[in-house]
Amino acid sequence: MVKKLGVLTSGGDAPGMNAAIRAITRVALANGIEVVGIRDGYRGLVEKKFENFTKSSVSEIISRGGTKLGSARLSEFKDEEVQNLAVKNLKEENIDALVVIGGDGSYRGALALTSKGINCVGLPGTIDNDIPGTDFTIGFNTALETCVENVDKLRDTSSSHHRCSVVEVMGNRCGDLAVYTAINCGAEIVVSPETGYDELDILERLRYLGNAVKKNHAIVIISEKITDVDALAKKISQHTNFSGRATVLGHIQRGGSPSPYDRLLASRMGEHAVDLLMAGKGGQCVGILDNQIVGLPIEEALQRPKPSRKHLYRLFDRLV
Ligand code: F6P
């Protein structure tokens with residue numbers, strides 16, 4: 001029987017984290033469970049940054065981006081001594097269950113705490129859509145909307161100036177933001193960890209689009225951490241008849257009011273996390289698979305292979 005539940009957000013923030021915090025808090029309180037907000041991710045567990053939540057603590061946050069609780073990456077949380085201190089602090093506060101909203105690193109922390117007697121449930125919160133055990137993560141849909149809105153704007157100006165816009169999107173070695181943006185924006189080329197990087201091929205394709213197809217502009221969507229996009233834009237100017245310009249969308253992708261899709265996803269996942277903990281289940285993570293909200297053991301989820309996106313790249317190729 002859970003009496004007091006803690007909630008924290010960890011890793012890079014994502015739009016919709018607040019909606020999840022709100023759902024967890026409200027569902028728990030409605031079931032007679034006390035709720036404690038833990039600030040700044042796992043650091044707050046170690047430094048005892050605890051705040052008792054009431055229903056109104058989570059008022060007016062559903063529409064806000066970021067996370068009310070603050071977030072952090074704490075690599076030291078891998079150390080057993082640090083984990084033991086967290087467990088001691090939780091026990092001193094009588095917190096007997098925890099919901100962790102974050103990425104797969106946060107899931108590993110949740111698993112460690114569960115093995116030490118504090119039942120934890122993980123919720124996938126990241127714009128990267130790179131967490132196993134779920135088709136979509138909280139924040140991905142909003143970040144995608146931000147990418148699409150901005151690439152549409154870049155298309156307006158690049159088509160007026162016979163330019164090629166090279167747009168770098170986030171994703172942390174996952175190409176989902178890139179390929180979904182590329183399809184939604186009618187981009188000419190997409191480059192991601194899944195496609196690999198072949199500079200000569202990119203230049204050749206742009207020469208073909210400019211010379212043979214007589215396109216007056218082109219958009220290249222490229223995942224972060226692949227190449228220097230300014231250098232690529234310069235090469236495009238030198239070796240094709242487009243003038244190249246690079247734009248790094250950067251952290252604006254992480255901000256902004258969450259989309260209705262993300263608010264609903266976060267609310268459904270938050271509800272399910274509390275239900276799992278009330279059923280005495282720990283070491284689980286919540287996902288959406290085939291539009292059903294599910295709970296999976298974290299260990300099983302982390303071993304799942306990355307889902308194939310071949311159908312999306314094939315669609316992209318057929319639409320160019
Ligand atoms: O995981 C979310 C993310 O925004 C990634 O897309 C990106 O690689 C990384 O975080 C950036 O991290 P930071 O905000 O620490 O620079």
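Give me R318, R205 sorted ascending by neighbouring Cβ count inside 10 Å, so fewest comes first.
Numbers: R318 7, R205 18.
Fewest-to-most Cβ neighbours within 10 Å comes out as R318, R205.
Provide the gained length on full extension for the span K281 to S59, in nm with one decimal, where the gain is 0.36 nm per separating residue minus the Cα-Cα distance.
Values: separation 222, 0.36 × 222 = 79.92 nm, distance 2.81 nm.
So the chain would gain 77.1 nm between K281 and S59.
Taking Cα centroids, how far is the range 207-272 from the range 140-156 in Å?
8
Using per-residue counts of other Cβ atoms within 10 Å, averaged over each peptide, order 259-265, 34-40 from highest down. Intermediate values should be presented prior to the final figure.
Numbers: 259-265: 19.9, 34-40: 21.9.
The peptides rank, most packed first, as 34-40, 259-265.
Could I have the simple spin-label model distance between A212 and Q303, label points 7 Å from Cα toward Cβ, reported in nm to one decimal?
4.8
Distance in nm between label sites at E80 and Y261, each 7 Å beyond Cα in the beta-carbon direction?
It is 4.4 nm.
Under a plain spin-label model, where a point goes 7 Å from the Cα along Cα-to-Cβ, how far apart in nm are E204 and R173?
The modelled label-to-label distance comes out at 2.9 nm.
Straight-line reach from K116: which lysines fall under 27 Å, measuring Cα to Cα and dropping same-chain residues less than 8 apart?
Partners within reach: K3, K4, K48, K49, K78, K88, K91, K281.
Across every pair of different alpha-carbon atoms, what Kirkwood hydrodynamic radius in Å does the chain reach?
Values: mean 1/r = 0.0486 Å⁻¹.
Computed over Cα pairs of the chain, the Kirkwood hydrodynamic radius comes out at 20.6 Å.
What is the fewest-to-most order of K310, K68 by other Cβ atoms lying within 10 Å of their Cβ? Could you put the intermediate results ahead of the total?
Working: K310 9, K68 17.
By the 10 Å Cβ count, ascending: K310, K68.
Subtract the Cα-Cα distance of I252 and K116 from 0.36 nm times their separation in residues, and report this length gain in nm to one decimal. Mind showing how you got there, number by number?
Values: separation 136, 0.36 × 136 = 48.96 nm, distance 3.79 nm.
So the chain would gain 45.2 nm between I252 and K116.
Just for the range 1-84, what percent of DSSP beta bridges are antiparallel, to the closest 5?
Details: 4 of 8 bridges.
For the range 1-84, the DSSP antiparallel bridge percentage is about 50.
So, R0 is 45 Å and r is the distance between the beta-carbons of K235 and A30; what FRET efficiency does that work out to, to 0.05? Please list the in-between numbers first.
On the way: r = 58 Å, r/R0 = 1.30.
Result of the calculation: an efficiency of 0.15.
Report the one residue of I118, I131, V190 whose Cα lies farthest in the direction of the positive end of the charge dipole of the range 95-219 (charges on C-beta: Lys and Arg +1, Asp and Glu -1; origin at the Cα centre).
V190
If every alpha-carbon in the range 68-215 counts as one equal scatterer, what log10 I(q)/I(0) does Debye give at q = 0.08, 0.17, 0.21 1/Å?
-0.37, -0.98, -1.28
Any idea which of V166, H217, A143 is furthest toward the positive side of the dipole for the range 136-262, if Lys and Arg beta-carbons carry +1 and Asp and Glu beta-carbons -1?
After comparing all options, I get H217.
Counting helices only, and only those DSSP H runs with n ≥ 4, report the 222 nm mean residue ellipticity of the chain as the sum of -39,500 (n - 2.57) divided by its residues, in deg cm²/dmol to the nearest 500.
-13000 deg cm²/dmol
Give me the extension gain from N291 to D152: residue separation times 0.36 nm, minus the current Cα-Cα distance, reported in nm with one decimal. Could the numbers behind the result be given before it?
Numbers: separation 139, 0.36 × 139 = 50.04 nm, distance 2.86 nm.
The span from N291 to D152 would gain 47.2 nm if fully extended.
Using a 10 Å cut-off around each Cβ, can you sort V151, V2, V248 from fewest to most neighbouring Cβ atoms?
Details: V151 23, V2 19, V248 15.
Ranking V151, V2, V248 by Cβ neighbours within 10 Å, fewest first, gives V248, V2, V151.
The numbers here are math on the coordinates, done by the rules we state, and not lab data. This one's a predicted model, so the numbers in the text were calculated from it and none came from an experiment. A quick note on method: Cβ atoms are made from the backbone with ideal geometry, for glycine too, and the neighbour counts reach across all protein chains shown.
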